[in-house]
1. Find out how many positive minus negative residues lie around L6, taking Lys and Arg as positive, Asp and Glu as negative, among other residues whose Cβ is under 12 Å from that of L6.
2. Hey, could you grab the Kirkwood Rh for the range 33-88? Inverse mean 1/r over distinct alpha carbon pairs, Å, one decimal.
3. Among the GluC sites (Glu not before Pro) in the chain, which ones are in a DSSP loop with at most 10 other Cβ atoms within 10 Å of the Cβ? Mind listing them?
4. If I fit a long axis through the Cα atoms of helix 47-58 and take the longest principal axis of the Cα atoms of the chain, what angle between them do I get, 0 to 90°, rounded to 10?
5. Report the net charge of residues surrounding E24, where surrounding means a beta-carbon distance below 12 angstrom and charges are Lys +1, Arg +1, Asp -1, Glu -1.
6. Tilt of helix 15-29 relative to the longest C-alpha principal axis of the chain, in degrees (0 to 90, nearest 10)?
Amino acid sequence: MHVLGLLPAYHRQGLGRRLVDGCERWLASEGVEYVQVKTIAPSKDCKPYAQTRAFYLSMGYRMLEEFPKLWDPSNPCVILLKYLGLPR
């Protein structure tokens with residue numbers, strides 16, 4: 001996945017969870033051990049991105065590191081990481 005987003009009318013229906021879960025299953029089947037997500041960091045007060053982070057945290061992702069200048073100082077980046085398992 002390069003970009004994932006759902007219109008607010010489609011939030012809380014399990015669609016995003018199914019998309020991410022399907023992607024993770026495919027990645028694991030291809031031998032990928034870790035998956036990462038980049039999004040706006042918590043240091044930027046932005047409700048929609050707080051919801052985005054909460055979604056990924058609920059999917060088992062963990063905040064790894066914040067990069068305050070990766071995109072630009074007004075959009076600090078945080079990397080979230082999830083372990084998918086050892087390649088088979």
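1. Here the charged neighbours net out to +3.
2. About 11.7 Å for the range 33-88.
3. On the way: sites: E24, E30, E33, E65, E66; in loops: E30, E33.
Those that pass, being in a loop and sparsely packed, are E30.
4. In the chain, helix 47-58 runs at an angle near 30 degrees to the longest axis.
5. On the way: positive: R17, R18, R25, K82; negative: D21, E30, E33.
Neighbourhood net charge equals +1.
6. So the helix axis and the longest Cα principal axis differ by about 50 degrees.
Any read-out appearing in this document is the output of simple, stated calculations on the displayed coordinates, not a laboratory observation. Keep in mind that what you see is a predicted model, and the values were worked out from it rather than measured. FYI the Cβ positions are ideal-geometry reconstructions off the backbone, even for glycines, and counts take in every protein chain you see.
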